1. Taking the convex hull of the Cα atoms, report for chain B its projected area averaged over all directions, in nm².
2. Over all residues in A:208-218, what is the mean tally of Cβ atoms on other chains that come within 10 Å of each residue's Cβ?
3. What is the set of long-range amide H partners of residue A:217 at a cut-off below 5 Å, with H atoms built 1.01 Å from backbone N?
4. With Kirkwood's inverse mean 1/r over C-alpha pairs for Rh, give me the Rg to Rh ratio of the protein assembly as shown, two decimals please.
5. Can you give me the P(r) profile for segment A:247-297? Cα pairs, bins 10 angstrom wide beginning at 0, each as a whole percent.
6. Mean shadow of segment A:181-262, computed from the convex hull of its alpha carbons, in nm²?
7. To make sure I understand the rule: partners must be lysines, Cα under 30 Å from the Cα of residue A:175, and not fewer than 8 residues away in the same chain. Which ones qualify?
8. Taking amide H positions as placed 1.01 Å from N in the peptide plane, with prolines and chain starts having none, which residues 5 or more places from residue B:24, or on another chain, fall under 5 Å of its amide H?
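Values in this text are rule-based calculations from the coordinates and carry no lab data. Nothing here was measured: the structure is a model prediction, and the numbers come from that model. Methodologically, a virtual Cβ is constructed for each residue, glycine included, from the backbone with ideal geometry; neighbour enumeration extends over all protein chains shown.
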Amino acid sequence: MDGIEPPASGMKFFNSESLISFQTVVMSTVELYSPTDLNDALRFMEHDGRNVTVVASGTDLLPRMRRKQISPSILVDISSFKEDLRYIRQSDGTIRLGALTTVADLLESPMFHGRLSMIREAGKLFGAPQVRNVATIGGNICSASSSEDLIPVFMALDARLKLVSARGERSVPLKDFIVGKRATDMKPSEILAEVEFSLPGGHSWTAYEKLGRRNMLIIAIVNEALSLTLEEDLRTVRSAKVALNRVSGKIPALAARTNDFLEGKMVTEETIAQAQKVLASELSLTSDFRGSGAYRKEIAQVYLKRLLERCSWQIGGHS
Amino acid sequence: MNKRGITINVNGTEHPLQVDGSDRLIDVLRDQLSLKSVKEGCSTGDCGICAVLVDGKLVNSCLMLAAQCDGRRVTTLEGLLEDPTMKRMQGRFIANNAAQCGFCTPAMLIASWDLARHSTEPSNEEIKLAISGILCRCTGYYQIVDSVREGCEGGRR
């Protein structure tokens with residue numbers, strides 16, 4: 001080749017491979033069914049064995065359809081069921097969120113200050129204002145990947161999901177609902193109606209950390225949520241629930257071994273250092289263009305320390 | 001594939017439209033209604049250049065199906081050209097050279113106008129938050145932030 005360099009990377013755009021991939025961003029046609037109400041939607045999904053996908057705001061679904069990562073033949077649009085599925089309610093120590101509650105709704109609610117402030121922290125780092133205005137918590141959960149910022153948050157709160165179908169409803173713990181990357185326990189005839197969790201009681205606090213390459217409009221390299229409850233002595237862990245966007249591969253989950261390890265321990269520098277090691281040992285992370293597995297593991301440990309310190313500091317009344 | 005009839009109120013006028021299930025709001029605004037201030041950048045919700053107001057809320061029009069906007073109210077920059085707040089905001093953008101290539105400018109203006117409705121004395125942080133969903137590839141953010149502040153402050157009476 002006599003030292004002739006291959007074309008600079010800028011030329012790559014014009015090779016045939018790129019042109020083909022460019023064409024594939026055009027969305028294939030899809031039929032849209034707009035049910036009159038929730039019951040109509042459930043009946044439609046019951047009687048139709050075809051490739052049906054529920055669409056709420058579409059902020060995650062539309063890009064995935066354009067990239068041909070998902071090719072539903074029929075979309076069932078539930079975005080108009082605001083009265084049925086968009087609410088934030090609290091009663092008897094339980095918080096219930098309708099699946100169509102938007103991230104902006106979470107930020108505007110007075111409920112997520114104080115010990116549930118983790119939800120606001122996550123909301124403020126979610127997408128960007130124009131995404132938060134429409135993106136729903138149900139859509140975030142059903143998308144079921146490591147990109148979904150709210151999954152670790154609700155997992156740390158031990159949230160349960162109410163799934164409804166024409167034949168009835170059932171309740172599933174979120175941690176059992178996510179069964180793999182982009183894979184859930186949801187049946188084709190079901191719709192996610194509600195996210196429910198207990199208000200953390202006693203001496204508890206929650207906190208959230210997210211690392212991305214910028215603050216807005218970014219998919220997390222690591223996001224990590226903690227719900228911590230201490231005993232009366234304000235030092236011993238009664239319950240610690242750490243959840244991350246990736247624990248094994250690209251699947252969000254609770255860090256079960258870390259949580260077990262922390263239970264009954266005093267929150268000291270020593271304990272935190274040991275918990276970091278336990279967390280590192282249970283994480284099995286892969287590398288991709290956002291970050292290497294080793295980097296993710298390092299950040300996850302740093303965040304664990306930060307979250308434990310922030311929560312115990314808040315519970316201890318800043319002593 | 002059957003098209004369906006929908007009606008969207010765009011910039012104060014009711015528009016009966018025929019759309020496919022896969023038509024996005026941006027497709028209808030640009031291709032059927034020729035509202036070219038609405039730009040298509042990334043098509044995946046990462047750049048915010050396609051921002052419009054739907055029922056008064058800032059959204060990305062590339063991430064919304066047109067059929068989902070049936071019966072709703074959409075506002076683009078074209079609909080705000082005679083609005084005094086928008087005129088003032090545009091004036092500040094021009095005076096400060098806040099448009100370089102200009103591609104993000106319509107989205108920046110509509111997000112700024114949305115901020116100016118709620119705040120006449122926004123802090124720099126509030127301004128940055130308001131435009132945080134819109135990427136300026138020229139990275140001329142200082143001029144944009146200055147213009148938004150001046151545009152908002154001009155609303156004080």
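1. Orientation-averaged projected area of the Cα hull: 8.9 nm².
2. Average neighbour count from other chains, rounded to a whole number: 2.
3. Residues meeting the criterion, in which the H sits 1.01 Å from N, are A:127, A:128.
4. 0.99
5. Binned Cα distances yield the sequence 25, 47, 24, 4.
6. On the way: hull surface 30.6 nm².
Mean projected area of the Cα convex hull: 7.6 nm².
7. Candidates past the 8-residue exclusion: A:68, A:82, A:124, A:162, A:187, A:210, A:241, A:250, A:265, A:277, A:297, A:305.
8. Here the answer is B:66, since their amide H atoms fall under 5 Å of that of residue B:24.
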